[in-house]
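Trainee: Before anything else, here's the structure in question.
All of the numbers you see were taken from the coordinates with simple rules; none came from a lab. Bear in mind that the values here come from a model prediction, so they are computed numbers and not experimental data. Counting neighbours? That spans all protein chains shown, and the Cβs are built from the backbone with ideal geometry, glycine included.
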Amino acid sequence: MSTDGKNDGGFRHGDDGGHGGEGRDGEVSGAAVEAAGRRDAAVRAAVEQGLLDPDRPLVALLDVTGIRRSAAELPAAFAAVTPPGTPVLHAFAVKATPLVPVLRLLHEEGIGAEVASPGELALARAAGVPPRHTVLDSPAKTPGELREALTLGIAVNVDNPQELARLDSLVPRSGTRSPLGLRVNPQVGAGSIEALSTATATSKFGVALRDEGARAWVVRAYLDRPWLTRLHAHTGSQGIALSLMARGVAEVYALAEEINRQAGRQQVDTLDIGGGLPVNFASDATDPTHAQYARLLSEAVPGLFDGRYGLVTEFGRSLLAKHGTVVARVEYTKNAGGRPVAVTHAGVQVATRTVYAPEAWPLRIAAYDAKGRPKEGPAVVQDVAGPACFAGDRLAREQALPLLEQGDHAAALDTGAYYFAHHYAYNSLPRPAVHGFAPDGRGGIVFSPVRRAQTVEEIVAESGGGSPDALTRLPPS
């Protein structure tokens, strides 16, 4: 089994030789500097405008300018390697940042939605994403979910033979408006984070293509069902090298060619190549880029880009991660074992993966003073801890920063995906407010609320507060 992409401390999972860097012409580096400047201005404005204060010690910020630029760069990257007129749908993986205003913004920028649950589908619909720009993926779709997707005309990627048999009973003889395909697992190997490696020999996703008899079964499944017109695989995610991602796409392309040869026609007309472009968490640079990945695919799988196949992508983290920042007030500081510790209001409830798997998911922390200005001073090795009541609740360990003091602010960078929108209710800690921001054209920053902070009353209600005697009123044994 391949293990391309070694874990180099967790910051640059998937870095791939000649397809990395900040951009040979400095363009990406310049964009990174601009983004860092917008972030600094937003943190200061959040303090000045009262979004961050002693009573509101935690906030999440989304850089709308950065999101718009990513949403423009993705289609441009693939347009550069596909013939004019090639149908391409870029569907944002909703699980990465499941917030309706984010989905609406991406939709207005031409990005669709990849959903994997009834809740995610409801979010996409609330954002106005049309069915024709929506793709349903999930390894556990219910009959009701499948019926709804077929009724709406949403594309469906079938996960396994049992689901395909279920779909057989739901697809009318006359066919369906929904583009339908089958997900396969090319079994090309793991990356540096086992839990996020979807193309291992024993992955739970899709039909395991190299298992005995599986490839022949897949081909026959298509020949028996003219309404199967798509083929889907998702090899990438954080920790996966670009070369391994390209190998997965090449395997799926070869399978589509085999199906079409045996069918004697172009039955498979669209390949859904998934997403999973890794993100560089080591600096402000975007590395790798969608353009680098698209160029690599065009070199590794040229037939995919000759105009015969439509394409679907499902990128998530790579579109949003760089454009989010979680900012927490430093409530107390102390020393333990000779090391400074800053106790903040951001911990396991917003950075669950980082707290429980710090080697795989380390975060950069930026230090700001009490007024929200970048903190100056010599770098001091210190820990940044969260508010939860267990020892491991730390955003960062032994990170060199200007010494944080009581009333300062610690900002967790690159947290626009899989962080503040994936709340973990440890200690009944509340979900933070999320605000989008953009320059106001006059040298300042304007904010727009995306999601308000969760209240204590809402926490009580979610925890059964409306029926406190639900257990005591049951008859005694």
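Trainee: For segment 382-442, run through the trypsin sites (Lys or Arg not before Pro) and keep only the ones in DSSP coil with at most 11 other Cβ atoms within 10 Å of their Cβ.
Mentor: 442
Trainee: Just want the ordering: 89, 152, from fewest to most Cβ atoms lying within 10 Å of their own Cβ. Walk me through the intermediate numbers first.
Mentor: On the way: 89 23, 152 16.
Fewest-to-most ranking of 89, 152: 152, 89.
Trainee: Calculate the translational D of segment 66-320 in whole µm² s⁻¹ from Stokes-Einstein, where the hydrodynamic radius comes from the Kirkwood formula applied to all Cα pairs, the temperature is 4 °C and the viscosity 1.567 mPa s. Don't jump to the answer; show the numbers that get you there.
Mentor: Values: Rh = 18.2 Å.
My calculation gives 71 µm²/s for D.
Trainee: Treating only the Cβ of Lys, Arg, Asp and Glu as charged (+1, +1, -1, -1), what charge dipole size does the chain show about its Cα centre? Round to the nearest 20 debye. Before the final figure, lay out each step's value.
Mentor: On the way: 47 positive and 53 negative charges, 154 e Å.
So the dipole magnitude of the chain works out to roughly 740 debye.
Trainee: Could I ask something else about it? Within segment 296-330, find all residues whose amide N lies under 15 Å from a label point positioned 7 Å from the Cα of residue 88 along Cα-to-beta-carbon.
Mentor: Flagged as within label range: 296-315.
Trainee: In debye to the nearest 20, how big a dipole does segment 66-320 give about its Cα centre with +1 on each Lys and Arg Cβ and -1 on each Asp and Glu Cβ?
Mentor: Details: 24 positive and 25 negative charges, 105 e Å.
So the dipole magnitude of segment 66-320 works out to roughly 500 debye.
Trainee: Taking Cα atoms, how many degrees apart are the long axis of helix 27-48 and the longest axis of the chain, rounded to 10 and kept between 0 and 90?
Mentor: That works out to roughly 50 degrees.
Trainee: Find out how many positive minus negative residues lie around residue 216, taking Lys and Arg as positive, Asp and Glu as negative, among other residues whose Cβ is under 13 Å from that of residue 216. The partial results should precede the final answer.
Mentor: Numbers: positive: 210, 215, 220; negative: 211, 212, 224, 258.
Charge balance near residue 216 sits at -1.
Trainee: With the contact rule set at Cα under 8 Å and sequence spacing of 6 or more, what percent relative contact order holds for the chain?
Mentor: Working: 1031 pairs, mean separation 93.9, N = 477.
Computed over the chain, the figure is 20 percent.
Trainee: Okay, next question. What order do you get for 408-414, 42-48 when each peptide is scored by the mean count of other beta carbon atoms within 10 Å, highest first? Please report the intermediate quantities before stating the final value.
Mentor: Details: 408-414: 25.1, 42-48: 21.7.
My ranking of the peptides, most packed first, is 408-414, 42-48.
Trainee: If each of residue 148 and residue 463 carries a label point 7 Å out from its Cα toward its Cβ, how far apart are those two points in nm?
Mentor: So the label points at residue 148 and residue 463 sit 3.0 nm apart.
Trainee: Zone of residue 170 (label point 7 Å along Cα→Cβ, backbone N under 15 Å): which residues in segment 121-136?
Mentor: Only 121-122, 135-136 pass the distance filter.
Trainee: With a cap of 12 neighbouring Cβ atoms within 10 Å, and only residues DSSP puts in a loop, list the trypsin sites (Lys or Arg not before Pro) found in segment 72-141. Walk me through the numbers before you get to the answer.
Mentor: Values: sites: 95, 104, 125, 132, 141; in loops: 141.
Filter output for segment 72-141: empty list.
Trainee: Pull up the DSSP beta bridges for the chain and report the antiparallel fraction as a percent, rounded to 5. Mind showing how you got there, number by number?
Mentor: Numbers: 33 of 67 bridges.
DSSP beta bridges in the chain are roughly 50 percent antiparallel.
Trainee: Also: Please work out the C-alpha center-to-center distance from segment 57-136 to segment 317-393 and express it in whole Å.
Mentor: Rounded to whole Å, the Cα centres lie 29 Å apart.
Trainee: Kirkwood Rh, segment 79-133, all Cα pairs: how many Å? Could you put the intermediate results ahead of the total?
Mentor: Details: mean 1/r = 0.0867 Å⁻¹.
About 11.5 Å for segment 79-133.
Trainee: Ok, one more. Between residue 455 and residue 211, take the C-beta separation as r, use R0 = 45 Å, and let me know the FRET efficiency to the nearest 0.05.
Mentor: On the way: r = 50 Å, r/R0 = 1.12.
Given R0 = 45 Å and the Cβ-Cβ separation, E is 0.35.
Trainee: Give me the angle, in degrees from 0 to 90, between the Cα long axis of helix 242-263 and the longest principal axis of the Cα atoms of the chain, rounded to the nearest 10.
Mentor: Taking Cα atoms only, the helix is inclined about 20 degrees.
Trainee: Can you give the FRET efficiency for residue 257 and residue 379, using 1/(1 + (r/R0)^6), R0 = 56 Å, r = Cβ-Cβ distance, to the nearest 0.05?
Mentor: Working: r = 55 Å, r/R0 = 0.98.
That pair, residue 257 with residue 379, gives E of 0.55.
Trainee: Provide Rg and Dmax in Å for the chain, with only Cα atoms included in the calculation.
Mentor: 23.6, 75
Trainee: To continue, here is another question. Using θ = phi - 60° and the Karplus form 6.51 cos²θ - 1.76 cosθ + 1.60, what ³J(HN,Hα) does each residue of segment 331-339 get, whole Hz, x for Gly and Pro?
Mentor: For segment 331-339, the Karplus-derived couplings read 7, 9, 10, 7, 10, 9, x, x, 10 Hz, x marking Gly and Pro.
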